[in-house]
1. Give me the one-decimal Kirkwood hydrodynamic radius in Å for chain B, with the sum taken over alpha-carbon pairs.
2. Solvent-accessible area of A:Lys476, probe 1.4 Å, all protein chains present, reported in Å² to the nearest ten, please.
3. What is the antiparallel percent of DSSP beta bridges lying wholly in the range B:185-316, to the nearest 5?
4. Once all Cα-Cα distances of the range B:431-505 are split into 10 Å bins that start at 0, what whole-number percent is in each one?
5. How big is the accessible area of A:Arg446 in square angstrom, nearest 10, if you roll a 1.4 angstrom probe over the protein chains?
6. Just in the range B:1-110: which GluC sites (Glu not before Pro) are loop by DSSP and have at most 15 other Cβ atoms within 10 Å?
7. Let me check I have the definition right: for the range B:342-513, take the eigenvalues of the Cα gyration tensor, multiply each by 5, take square roots. What are those semi-axes in whole Å, largest first?
8. Can you give me the distance in nm between label points at B:Asn469 and B:His124, each placed 7 Å from the Cα along the Cα-to-Cβ direction?
There are 2 protein chains.
Amino acid sequence: MTTGAQALISTLRDAGVDVCFANPGTSEMHFVAALDDVPEMRGVLCLFEGVVTGAADGYGRIAGTPAATLLHLGPGMGNGMANLHNARRAHVPLVNVVGDHATYHKQYDAPLESDIEPLAEWTHGWVRRIESGDTIGADAAAAVAAAQATPAQVATLILPADISWSEGGVPAGPAEPETPPAPDAAVVAEIAEILRGGERTVILIGGPATGEAGQLAADRISAATGATALVETFPTRHTRGAGIPHLDRLGYLAEAAMAQLDGVKHLIVAGTGAPVSFFAYPGKPSSLVPEEAQVHTLAGRDVDVVAALEQLAAAVAPDTEPRLAPATTTELPTGDLTVQNWGQVIAALLPENAIISDETNTSGLLLPGVTAGSPRHDVLTLTGGAIGQGLPVSVGAAVAAPDRPVIALQADGSAAYTISALWTMARENLNVTVVLINNHAYAILRLELMRTGAGQGGPKARQLLDLSNPDMDFSKIAAGFGVPSTVATTCEELAEQFSAALAEPGPHLIDARIPPML
Amino acid sequence: MTTGAQALISTLRDAGVDVCFANPGTSEMHFVAALDDVPEMRGVLCLFEGVVTGAADGYGRIAGTPAATLLHLGPGMGNGMANLHNARRAHVPLVNVVGDHATYHKQYDAPLESDIEPLAEWTHGWVRRIESGDTIGADAAAAVAAAQATPAQVATLILPADISWSEGGVPAGPAEPETPPAPDAAVVAEIAEILRGGERTVILIGGPATGEAGQLAADRISAATGATALVETFPTRHTRGAGIPHLDRLGYLAEAAMAQLDGVKHLIVAGTGAPVSFFAYPGKPSSLVPEEAQVHTLAGRDVDVVAALEQLAAAVAPDTEPRLAPATTTELPTGDLTVQNWGQVIAALLPENAIISDETNTSGLLLPGVTAGSPRHDVLTLTGGAIGQGLPVSVGAAVAAPDRPVIALQADGSAAYTISALWTMARENLNVTVVLINNHAYAILRLELMRTGAGQGGPKARQLLDLSNPDMDFSKIAAGFGVPSTVATTCEELAEQFSAALAEPGPHLIDARIPPML
């Protein structure tokens, strides 16, 4: 006989899901026990649900297929929601399994009872409560297919404990994800016509278009027509470096983005939406689209955006070659680490085929510029703005790509949200090098305090944006979680420690101390 | 002129709310700036929203009046939800302030946009979105009153950034919380009659009744009638020790609770509900009420439960004195720390008037027994079952009662969820002694794996319940967050370090390493 949990896990495996990031509780014990019955399913323990969901996000970005999560009831889902929000905005495939009380137990309003559906629906994905062992396999197969829709999404399965533990679970074969509609040829033709018109045009690409193929097409269009191709502000996975066209990202600061879009008559979006300011600021517009510009959607998120770009390139740039970024070498800087020079150390030493999980926020503003000619790499960014994403995403990326070096560039303030991700790196011996940019401040909020017109702030306000008193010593915290760690205060130290960490398997953390920018 | 934020904060202060636990973002910058305009409002920075909400819970338990939170948009609320769930189950007064995008910005679906209402409503409390500066003061006053309803609750104010920053905020005077209905005299008389009948009866008390007055009344009833008085399994604030009647708590394990209730004909509940199993287990009942027992509600959570108990005591025990627990001295045990002896060290050295935040879970099962004759103290427990509560609650308790020693008895697994609470202890120099019971396991889940009938688990299941490989070194983690720390492996070391920590102001952490129970 087969329990519900066994049927669920074997169905997930047959549909290609073979990693489960888990933070289980009592109601998930039969799911946990059933992991031993499906040898191909890997269980990865995380010590907090935000690490679970962030890791599943990182896995999905690199593997292109979903990992599963395992969360404990409504509060466990709650703890995982910030990184599910980031995954939602990243349009990542993710199968989110949330255990619930036994069906007959819910009426008793036990202490951990809560409504899970509203939390699941908050992720704007696909949600199904499993009703019986008869359907559990079909439900799991549908979840995997739904996760891989276009765009990809979070698919949540709510799993009552009694359905999990009862005999009679029926596995199911994989379900096919829906094929996205082909690009609309008329739209492609219309936009080709606009590009031929020669007015100032920006092509803003996002979603799957920020991989190699989409950027090759976008750059050919740009080269042939003079339009500027830009990558959305927070791409899910941005492939870049030597051998890839160098496309700038639209700026995070509205001021910077508006400068990039100044004078544009046509804004063509592909795989993303018209750009908006991350936050509202008194007296400033929310939309970043210049008043004189028309927005044209080449491809929404629900169509094959790479195909659309390739068709457009075929129309307007049939014989144009993309302009691939040349490999450049960066001089190793010397002296004390600063917000200006730390990225040059990374750029100078970046290994081939690295994955960068970037949550450096203000400290990383200069990074894309200096790594443009570094060896080819993928950058995973903070898609939904919910901080605490960088370390978990690097965990998932390292599980998905054990042969690639993963580099987590991580701000101090954001690191504190999901710091126990370090333990999972140690437990799984993941090849992650964490460069912790420790400026002892919520530097971005010091900037935002001024940008919102609230001024410099009085002493109490400044206290709330300050992370000194006490300074966090991330080298000690990392050691406490089992990750070997060092402290760097100079470029030379960072270079030496970064090289050593890359040369040795397993996780390392470098606590790189830099003065705050503001 | 007064901004919305200034009106909000000054209204909160006038209503008696003078602490705000905060983890702000850009949309809350004007609230942060306005803290400097209201000198009596203290801002306490926490590095994660689960610390914010847990601290506000702990504050409310000790102060009896609400603290405010400050959270950043939907994802910030998400991170705070697990401890809001615990606060919900604790019926704690709490004013939860969640910043939102500017009203006109929401339509743009910026990256951090999400629906906050469903998350706020999930806490089963009071929810209001602030619509204008004209009403912001009245909204804040209503929130404080709502938080202090009977039972107390989480009152959430959703604060759009533009209402926060705009001039024209109108403060308001305090609103009166509704007075709870008086106990129903007929019900009191009916229950008095049952008690006089002499059949086996248990009185289960919860909510505000687990303070001194409620327990004095319950014990008098017990002494006069032979009924057994029990405290609910997870009390919000249980006053106990020498000079207080010693009432056992109903067991967490259903097996233990059923033994306590075996043969009971009448179960009288006051300030709590009929007991239910924390989780469902195959083949075991969800309700813990014996089949032959009748449940009688002396007072629901919405009436003055202490008054009801006192009226009942006046009826059945007019001349009966309560049986106060005598002060006892506990011998200091010696030798290696074990799950059996660590609590004796605490009991032997517990200072007068301590507050214990207890999240030791399995490791703390023996604690209530050994501390029954220790100096009077308050115990704050894991009311909603969402782990990661103990350290934040101790932060809030220490802010509410700076003159009382706060002792956080904390399991290792649970500590990892909200570990950055240590930083806030250091920042605020809070008088918290953390005794970290480090058994390198989710010991409770090893137990639950068996109790749910899933057996001992195979190697993969056992891996998911194991916190060794690597062992967490909490002394290093604490040092990294700025809290002085030590390691204890023997009773002698724990005794010496515990005494030293209590003697010195400010936070300390003792990493007390014990072998796992299972």
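The values are calculated or read from the model by the stated rules, or taken from the named source; none is laboratory data. What you see is a predicted model, and the numbers here were worked out from it, not measured in a lab. Note that we place each Cβ from the backbone using ideal geometry, even for glycine, and neighbour counts take in every protein chain shown. Surface accessibility is based on the protein's heavy atoms, side chains included, excluding ligands, DNA and RNA. Shrake-Rupley method; radii C 1.70, N 1.55, O 1.52, S 1.80 Å.
1. Working: mean 1/r = 0.0419 Å⁻¹.
With all distinct Cα pairs of chain B included, I get 23.9 Å.
2. Its heavy atoms expose roughly 90 Å² to the probe.
3. Details: 1 of 16 bridges.
For the range B:185-316, the DSSP antiparallel bridge percentage is about 5.
4. Spelled out per bin, shortest first, that is 17, 36, 25, 19, 4.
5. Taking all protein chains as shown, A:Arg446 has close to 50 Å².
6. Taking the range B:1-110 and a limit of 15 other Cβ atoms within 10 Å, the loop GluC sites (Glu not before Pro) found are B:Glu40.
7. On the way: eigenvalues 140, 62, 46 Å².
The answer is 26, 18, 15 Å, longest axis first.
8. With each label placed 7 Å out from Cα toward Cβ, I get 4.0 nm.
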